[in-house]
């Protein structure tokens, strides 16, 4: 007897449509401005609105935890820069299709693309990792520029109508295969690696059932999935970074692979390799702290509760 999948209520469907209408209005508004004006305008807007949101305090706690030596004025400067960067990302979203064509080379300094092209030519799969830095969507556009067959993971939006729109935007800038996170997505990634295709995942956020590894000097639960995949399929664990160089212009760099631990204890080898990933993420954050996604709760809830009560 097949299980009946519960259908969303009428009110839920109406809510989805209203949210999708708001999304379409936002896209049309910033699309009309052109990418540079849209980036500037959205950056200015978020600098005003962002500090009024609850997650502003989360970002401040994270920064103080990572940069305990920083003066309060420096933290405030970084917070303003974070909202500017995040706003710019939103303003650039309707224009990501420009990164599929010749304008990619005008706006992106792509360092190390030959490493991806070599993997493409040799038919060797990579496990690519990246992070929520600058406009992280540009990493997907860069991978697509090389023609490397790659399954890029993403977290589906709660609203399926908006999720379809976001997926369409990503396909506009060249992403051919999107794989949703979750059990089915994990199987799809393993099957892709078996076929000699690469996979790309974000690896800088907290995962409650991950492994504990140091991050900015503090124990942090981190996803071991990319490490497990790289070890299982003997695929180079290859980091890609994105950094905003000014306005809607970027520097993408394909780094040398992170060395996989050869510890005979598999569990320890995974922890050691995840620790190396965290070291790479930390180093990239330090290069441009204001461009990282600081509003994510990277540590356990008590960290934020204690900071608020202090």
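All but one of (1) assigned to a loop (DSSP other than H, G, I, E, B); (2) at pLDDT 95 or above; (3) surrounded by fewer than 18 Cβ atoms within 10 Å (Cβ to Cβ) hold for residue 245; which doesn't?
(1)
Between residues in the stretch 80-109 that are free of Cβ contacts under 8 Å to residues at least 24 places away in the same chain and residues that are surrounded by 20 or more Cβ atoms within 10 Å (Cβ to Cβ) and in a helix (DSSP H, G or I), which pairs lie under 9 Å by C-beta distance while being six or more apart or on different chains?
Qualifying pairs under 9 Å: 103/35; 105/145.
When only residues in the stretch 258-299 that are out of contact with any helix residue (DSSP H, G or I) (no Cβ under 8 Å at 6 or more places or on another chain), farther than 17 Å from residue 211 by Cβ and without any contact (Cβ under 8 Å) to a residue 60 or more places away in the chain count, which is surrounded by the fewest Cβ atoms within 10 Å (Cβ to Cβ)?
Filtering the stretch 258-299 for residues that are out of contact with any helix residue (DSSP H, G or I) (no Cβ under 8 Å at 6 or more places or on another chain), farther than 17 Å from residue 211 by Cβ and without any contact (Cβ under 8 Å) to a residue 60 or more places away in the chain, the one surrounded by the fewest Cβ atoms within 10 Å (Cβ to Cβ) comes out as 264.
Where residues in the stretch 132-155 are surrounded by fewer than 24 Cβ atoms within 10 Å (Cβ to Cβ) and assigned to a loop (DSSP other than H, G, I, E, B), which of them is modelled with the lowest pLDDT?
Ranking the qualifying residues of the stretch 132-155, first place goes to 155.
Yes/no matrix, rows are residues, columns are (1) closer than 18 Å to residue 247 by Cβ; (2) modelled with pLDDT of 95 or more; (3) over 22 Å from the mean Cα position of the chain (by Cα):
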site	(1), (2), (3)
37	yes, yes, yes
42	yes, yes, no
53	no, yes, no
73	no, yes, yes
79	no, yes, no
85	yes, yes, no
96	yes, no, no
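Taking the condition of being surrounded by 17 or more Cβ atoms within 10 Å (Cβ to Cβ), touching a helix residue (DSSP H, G or I) at 6+ places or on another chain (Cβ under 6 Å) and within 22 Å of residue 233 (Cβ to Cβ), how many residues in the stretch 95-119 meet it?
So the answer is 1.
Within the stretch 57-70, can one find any residue that is assigned to a helix (DSSP H, G or I), without any contact (Cβ under 8 Å) to a residue 40 or more places away in the chain, within 24 Å of the chain's Cα centre (by Cα) and within 26 Å of residue 248 (Cβ to Cβ)?
no
The values are calculated or read from the model by the stated rules, or taken from the named source; none is laboratory data. Predicted model only: the values in this text are computed from it and were never measured. FYI the Cβ positions are ideal-geometry reconstructions off the backbone, even for glycines, and counts take in every protein chain you see.
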